[in-house]
Amino acid sequence: MRRIVAILCTSMVLTSIGFSTPITASETVATPPQAVTVVPQGDVVHVFCNRTDANFDDVQDAGDSPAAWLIVDAKTKMVLSSMNFPWANVVASRPALLKDDLYVLVNDSVHNYSVSNMSLKRTKFVGTCAALSLTMDGNYLVTSYRPNFVDPGKLRGYATSDLSRTSEFAAGINVQQTLEINFNDTFFSYTLNEGSFGSEDGTLQMTRSDAPDGNDTVIATGGLLNHMCPSSDSSHVYVTMTGTHEVAEIDVALGVVSRRIPTLTTGYDGPRECLVHDNRLFVSTFSGDVRIFDIADGALVGKISLSAKPEGIAIVNNELWVTRSFELDGYGAEINIEIYPLNSTTSISASNSSTQNRSGILVTNNVISVPEFSGNSNVHAVSSLGKSYSLSIDSSGLIDLKGLIPGVYVLQSQKKNLTLSYQPIH
């Protein structure tokens, strides 16, 4: 089978604020237009693409494309299989996946496909819904039923055994994603209610297994909510808020907003989706980047810039997969997924300031800490043109770079050499 993946020889565009990041290469997996969701599953990654209908007439004209599903080998990045969904309104951004079963919303029905051969197994009419999810035990499929954009919706449960409806619960306006987590042997179920467009009245509903039935906690986050993810230990849930340009952190045990992390976006270029990895919060934004925040203090510590607007993101085998969903200067469909390797040198940790064992680093502030250079009074930076600059260094190994112009240099001392790309942020 032909491998549909391009290995890029250029460096990824990753800027860091306050610490140094290695210069690494990226890969691109070719996809149909408007990939929006990436779902890891064992040794493969599922990619879902929206339907593109340029003039929104519900007719497949020349240049339009149906929603699509790709299964990609997580290691080789080969597209193992792919299919187009029917020409219909497919909610590609919120599918549900369990072993050999994919559930996806197609018009007003749930379509259940076999993962092994991508064949359609069964369908179930569910009405107009905005999202699907599965309970942690896999026994129930949950639909987010949205009657319209102004009235409260409902959560409806269906047994995965036969897709019979088993339950119904009240939800908020523009009900969207649901999330179930286990924290300290208590199950918590969160429902994201986007709220009324233009009203900034989004809410989260939270139900816990040790509370009486129907005793929901409604967390008034405000804002226009878009996506949520759990922390690594499930003690917190993070919610992207496009209207107020922040991520709300929810304390799971207390059921309250414990803090708000500004995403530093503006206008219509706000945060989209989020994930937590290695003490960092990754947030895709319509500013055309993925922003990286230190969970400890909420500080913006890095940014991966793209030439497109991203939606879905995922970390697979310590690599960040980023969808290129929309054109950077508009909302026309873009193509492909970009993949960025992550490693310990991009982690937020006590060792972050050290450059030990790094072959190359990107520096965006005017100083760099190189402890292994400490004790040297003679440090030089040699440019790519061979020009040498003498740099000052203190006893702890802190080197002042303000005398350099942006570019690539080799730092030289009596003990070792270190390559860096100096790109100061002003």
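The values are calculated or read from the model by the stated rules, or taken from the named source; none is laboratory data. A quick note: this is a predicted structure, and the numbers were derived from the prediction, not measured. As a convention, Cβ positions derive from the backbone with ideal geometry for all residues, glycine included, and neighbour counts pool all protein chains shown.
One table, with the values for the structure above:
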quantity: Qualifying position, being closer than 23 Å to A314 by Cα, touching a strand residue (DSSP E or B) at 6+ places or on another chain (Cβ under 8 Å) and assigned to a loop (DSSP other than H, G, I, E, B), among D269, D210, D297; calculated: D269
quantity: Among residues of segment 65-104, those that are among the polar types (S, T, N, Q) and more than 16 Å from Q34 (Cβ to Cβ), counted; calculated: 2
quantity: Residue check for S392: under 30 Å from S305 (Cα atoms), of a type in the set (S, T, Y) and modelled with pLDDT of 75 or more; calculated: no
quantity: Residue within segment 376-383 that is modelled with pLDDT of 80 or more and in contact with a helix residue (DSSP H, G or I) (Cβ under 8 Å, 6 or more places away or on another chain) present; calculated: yes
quantity: Criterion violated by W321 - all others in (1) in contact with a Lys or Arg (Cβ under 8 Å, 6 or more places away or on another chain); (2) in a strand (DSSP E or B); (3) modelled with pLDDT of 95 or more satisfied; calculated: (1)
quantity: Conditions (1) closer than 22 Å to L320 by Cα; (2) modelled with pLDDT of 95 or more; number of the one not met by L264; calculated: (2)
quantity: Residue match in segment 220-240 (condition: at pLDDT 95 or above, hydrophobic (A, V, I, L, M, F, W, C), over 19 Å from P95 (Cα atoms) and touching a strand residue (DSSP E or B) at 6+ places or on another chain (Cβ under 9 Å)); calculated: yes
quantity: Residue in segment 170-178 that is touching a residue at least 12 places away in the same chain (Cβ under 8 Å), more than 23 Å from A92 (Cα to Cα) and in contact with a Pro (Cβ under 9 Å, 6 or more places away or on another chain) present; calculated: yes
quantity: Answer from F149, F169 - the residue that is in a strand (DSSP E or B) and modelled with pLDDT under 95; calculated: F169
quantity: Every pair of residues 6+ apart whose Cβ atoms lie under 6 Å, when the first sits in segment 51-79 and is closer than 16 Å to V322 by Cα while the second is part of a loop (DSSP other than H, G, I, E, B) and modelled with pLDDT of 90 or more; calculated: A74/D43; A74/N317
quantity: Residue count for segment 41-71, restricted to those that are under 20 Å from S119 (Cα atoms) and touching a Phe, Trp or Tyr at 6+ places or on another chain (Cβ under 9 Å); calculated: 11
quantity: Flag for Y238 being in contact with a Cys (Cβ under 6 Å, 6 or more places away or on another chain), in contact (Cβ under 8 Å) with a residue 40 or more places away in the chain and among the hydroxyl-bearing types (S, T, Y); calculated: yes
quantity: Residue match in segment 111-127 (condition: modelled with pLDDT under 95, within 24 Å of the chain's Cα centre (by Cα) and in a loop (DSSP other than H, G, I, E, B)); calculated: no
quantity: Scan of segment 255-291 for residues that are crowded, with 23+ Cβ neighbours inside 10 Å and aromatic (F, W, Y), ordered by number; calculated: F282
quantity: Qualifying residue in segment 152-165 (condition: assigned to a strand (DSSP E or B) and free of Cβ contacts under 8 Å to residues at least 12 places away in the same chain); calculated: yes
quantity: Check on F56, assigned by TED's automatic domain parsing to the domain that holds I337, out of contact with any helix residue (DSSP H, G or I) (no Cβ under 8 Å at 6 or more places or on another chain) and in a strand (DSSP E or B); calculated: no
quantity: Answer residue from segment 399-414, given it is assigned to a strand (DSSP E or B) and surrounded by 18 or more Cβ atoms within 10 Å (Cβ to Cβ) and is modelled with the highest pLDDT among those; calculated: I399
quantity: Selection within segment 59-109 - assigned to a loop (DSSP other than H, G, I, E, B) and charged (D, E, K, R); calculated: D61, D64, K75, K77, R94, K99, D100, D108
